[in-house]
Amino acid sequence: MVNIRKTNPETPNIPSWVGNYPFSPQEKKPVVMDREKSILFVYGKGSHKVSCTTAISTNHIQAGMMVVQPGEYFEPPDIHSGDEVYYILDGEGVVMNPETGRGGKAGKGDVVLIPKGVWHQTFNTDDRNLRALAFIAPLQWQAGQAAVPAEFTGKTAYYKGEGRKTAEYGPWPKSSKAPDLENEISFITDRDALHLIHGTVNHFLISFYVSNRRIHVGKISLPRGFRSDLESHPGDEILFVEKGELAVEVHGPADTDEATVNDVFEIGENHYFLIPEGMKHRYLNFSDSSSKILIGIAPQL
Ligand SMILES: [Fe+2]
Ligand SMILES: [Fe+2]
């Protein structure tokens, strides 16, 4: 694991890797990353700390993993200058807004959207590690933004807790489930995702959990022995292989559609891959079982 503490003198609170890992915006190129090459960042103070690793952080999007141990949580609450999206890989926990005390429960396969500037705290309420893949776009911390890194000055609004600001948890069930999407944490299950069929010629399932003006997070399901059509995005794309095998063909703007050996990357389970903005690519699954891949794209699809 990589441990980088260096900061830029103009923004002493922000680690220099934010927006620059493993490449600066000018040097971005396709790259396979894993836990070993990730930056380790222990979040929290005192006894309530969690491990956060960042595998890729470009000027548009970041991806990494948070692990919260059973019964644990992080303190103080966290906040970002971008939207953060968790995809729960394992375990179960509660993600809560400490200002309101409101939150919800998420387990394996669920997605949580924490909008930009919304305080949040995550509690493992189960007896296994809570492992969450976390995408943030555009940036975790950004110079000149009100957000961050900032210190939460209030007290978490625990139920029956000291300093609880609100008793307005009820009535429950609510008459309307529509939350204020810009200010509340949202919970999305696979059933609630936007399920679409991709491609002109070769088709696969792409399921969007979140798609807004800052970030798009979803899952693609590639059948065995599959080769997709070429596509590209105006934004950076980060992939994470949850299950199965994946190869990606990446073409420069001047390339023909036929790939050379240098254009094909193999990405194993639990590995990340960066496809920089504008590069044409296709997804391949040479194996004999289907693959599940999480994708984050920002700012535009
Ligand atoms: Fe966070
Ligand atoms: Fe793509």
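Observations on the structure shown:
- Surface per residue (accessible, 1.4 Å probe) for the chain, Å²: 48 Å²
- With every protein chain in place, the chain: carbon and sulfur % of accessible area (1.4 Å): 51 percent
- For the listed peptides 210-221, 29-40, a ranking on the average number of other beta carbons within 10 Å per residue, highest first, reads 210-221, 29-40.
- Peptide packing for 265-272, 78-85 was compared via the average number of neighbouring C-beta atoms within 10 Å per residue; ordered from the highest value, the list is 78-85, 265-272.
- Taking a ≥ b ≥ c as the square roots of the eigenvalues of the Cα gyration tensor, the range 205-254 is classed as oblate, since a/c reaches at least 1.5 and a/b does not exceed b/c.
- Proximal charge balance of Asp78 [Cβ under 15 Å; K/R count +1, D/E count -1]: -3
- Global form of the range 17-155, assessed from the alpha-carbon gyration tensor, a/c cut-off 1.5: oblate
- Approximate spin-label separation Asn212-Leu40, in nm, with each point projected 7 Å along Cα-to-Cβ: 3.3 nm
- Distance-filtered residues of the range 212-229 - backbone nitrogen under 12 Å, label point 7 angstrom along Leu196 Cα→Cβ: 212, 216-219
- Cut-off 12 Å between beta-carbons: net charge of the residues surrounding Pro299, Lys and Arg +1, Asp and Glu -1: -2
- Filter on Lys45/Lys108; Lys105/Lys292; Lys155/Lys219; Lys28/Lys105 - keep pairs with C-alpha separation over 31 Å: Lys155/Lys219; Lys28/Lys105
- Stokes-Einstein D (µm²/s) once Rh is taken as the Kirkwood radius of the chain over alpha-carbon pairs, at 4 °C in 1.567 mPa s: 65 µm²/s
- When each of the peptides 62-69, 273-280, 121-128 is scored by how many other beta carbons lie within 10 Å of its residues on average, the order from highest to lowest is 62-69, 273-280, 121-128.
The values are calculated or read from the model by the stated rules, or taken from the named source; none is laboratory data. All values derive from a computational prediction rather than experimental measurement. Neighbour counts run over all protein chains shown; Cβ positions are idealised from the backbone, glycine included. For the accessible areas, the whole protein counts, side chains as well, though only heavy atoms, and no ligand, DNA or RNA atoms are used. Shrake-Rupley method; radii C 1.70, N 1.55, O 1.52, S 1.80 Å.
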